[in-house]
Amino acid sequence: MSQNLQAVRGMNDILPEDAESWEHFEDIVRDWLRSYGYKPIRMPIVEPTALFKRAIGEVTDIVEKEMYSFEDALNGEHLTLRPEGTASCVRAAIQHKLLAQGPQRLYYQGPMFRHERPQKGRYRQFHQIGVEALGFAGPDVDAELILMCARLWDDLGLEDVRLELNSLGSSDERARHRAELLAYLEAHVDQLDEDGKRRLHTNPLRILDTKNPDLQGLVEAAPRLVDFLGDDSLRHFEGVQVILKDAGIPYRINHRLVRGLDYYNRTVFEWVTTRLGAQGTVCAGGRYDGLVEQLGGKPAPAAGFAMGVERLLALWSEAGGVAAPEAPDVYVVHVGEQAMRVAFRAAEALREHGFVVLTHCGGGSFKSQMKKADSSGAAMAVIIGEDEAAAGEVGLKPLRGPGAQQILTIESLADAVAESLFPEDDDDGDL
Ligand code: ATP
Ligand code: MG
């Protein structure tokens, strides 16, 4: 017997009940982004593999082991399902010369793909909302990006999301720090785990980011990047903090926050919660001034962040924010050939006025249809039998509150529905 086909491990179906919450969440997110003047951009899900290698860095978890890469069977191109959006967004901005029109505030959302070990809050297909500010050099835009996150947590009613902040300085400053860090780690090489030993000569900064509890003492005492920052980097870092303090946003400077991608410089930040177990980072970002040039564009500064939608929704649902599924305003019940035709006219007349209408499909007795009307959660039923149909009339019956059935013409139906849904309103049901 053939086995039923299943979704790929770590790639989830989002079923209607959850998908409604997703849409509600996306509505809030869109309004929030608009209120900061960010514009949508949509990029392909598949990109040339070289884009991610160049943007994210060869010696990163993503490029080393997490990418879904394949050869196009038809023409042999090396392609990858995008593991993140920044590289694509910058690629698109360069390709279409968006920066020639001035700095750009952009956002996108959609699925990302990483071959990781699936667990709570960590999937192989997951979703991000990405926000990128291209062409802005100052600490003001870094602070704006952080401030806008804080406002979203507020809009969603999320508590317990804390801000961690660090500066990675410039590449020169990182190089000087790297030399000292390397010397320090080499002197303690016997204490490093396998991953640490492997990273020692490729990407020692990432060792600071280790989650291995045995290494915490070692990395706590390691040389700190902040001690290698020059005046410009320090002033930038200070500039971000002044605005955060003015806005009353608490933060903690985390010297070990180095981020997993190579392209960051200066400001980096993460929003973390203790409510989601091990996968506690809901949003991460920072400045990446070198990336536009690295991908072949005219040099331009940039900063941005990405939020993990699954993790945010888990947090939102814990905070009780997820909305109850929306019930229809009206369920249309009809028995008989003529009645069905009137039912379609009545339903469309109501939708014309903006009402949410479920028309019964599939036949059945009045009794069984009324049961369906009731369990749909609709506020009212429109009822049409052969007699009503012959007279060009419909019945309107409240399903949730008191009130008798009214007999109405199709023309007067919308007003009657409006009156019974919004009895306090004076106007005649314009939604
Ligand atoms: P982590 O340390 O958890 O692996 P990361 O540094 O790889 O995170 P980023 O590349 O910065 O994550 O992505 C930004 C956000 O996207 C993360 O903070 C997280 O909320 C979310 N995210 C990243 N990878 C996954 C995944 N596999 N499943 C679900 N969400 C994810
Ligand atoms: Mg990761």
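Values for this structure:
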quantity: Qualifying positions in region 13-70 - in contact (Cβ under 8 Å) with a residue 60 or more places away in the chain and within 16 Å of ligand 2 (Cβ to nearest atom); calculated: ALA55, ILE56, GLY57, VAL59, THR60, ASP61, ILE62
quantity: Residue check for ALA378: modelled with pLDDT of 95 or more, touching a strand residue (DSSP E or B) at 6+ places or on another chain (Cβ under 9 Å) and in a loop (DSSP other than H, G, I, E, B); calculated: yes
quantity: Region 271-280, subset within 13 Å of ligand 2 (Cβ to nearest atom) and open to solvent by less than 40 Å² (accessible area, probe 1.4 Å), residue modelled with the highest pLDDT; calculated: GLY280
quantity: Pairs with Cβ under 9 Å, 6+ apart, first in region 280-306 and among the polar types (S, T, N, Q) and in a helix (DSSP H, G or I), second at pLDDT below 95 and buried (at least 18 other Cβ atoms within 10 Å of the Cβ); calculated: GLN294/ARG54; GLN294/ALA55; GLN294/TYR263
quantity: Failed condition for HIS201, given (1) assigned to a helix (DSSP H, G or I); (2) under 20 Å from THR60 (Cβ atoms); calculated: (1)
quantity: Strands (runs of 3 or more DSSP E) (entirely within region 25-144) containing at least 1 residues that are within 13 Å of ligand 1 (Cβ to nearest atom) and open to solvent by less than 20 Å² (accessible area, probe 1.4 Å); calculated: 104-113, 125-134
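Each row is one residue, and each column tells you yes or no for (1) hydroxyl-bearing (Ser, Thr, Tyr); (2) in contact with a strand residue (DSSP E or B) (Cβ under 8 Å, 6 or more places away or on another chain).
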{"residue": "SER233", "(1), (2)": "yes, yes"}
{"residue": "VAL240", "(1), (2)": "no, yes"}
{"residue": "GLY248", "(1), (2)": "no, no"}
{"residue": "ARG252", "(1), (2)": "no, yes"}
{"residue": "THR267", "(1), (2)": "yes, yes"}
{"residue": "CYS283", "(1), (2)": "no, yes"}
{"residue": "VAL292", "(1), (2)": "no, yes"}
{"residue": "LYS298", "(1), (2)": "no, no"}
{"residue": "PRO301", "(1), (2)": "no, yes"}
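The values are calculated or read from the model by the stated rules, or taken from the named source; none is laboratory data. The structure presented is a predicted model; accordingly, all values stated were derived computationally and were not measured. Backbone-built Cβ (ideal geometry, glycine too); neighbour counts: all protein chains shown. Heads up: the accessible areas ignore ligands, DNA and RNA and are worked out on the full protein's heavy atoms, side chains in. Shrake-Rupley method; radii C 1.70, N 1.55, O 1.52, S 1.80 Å.
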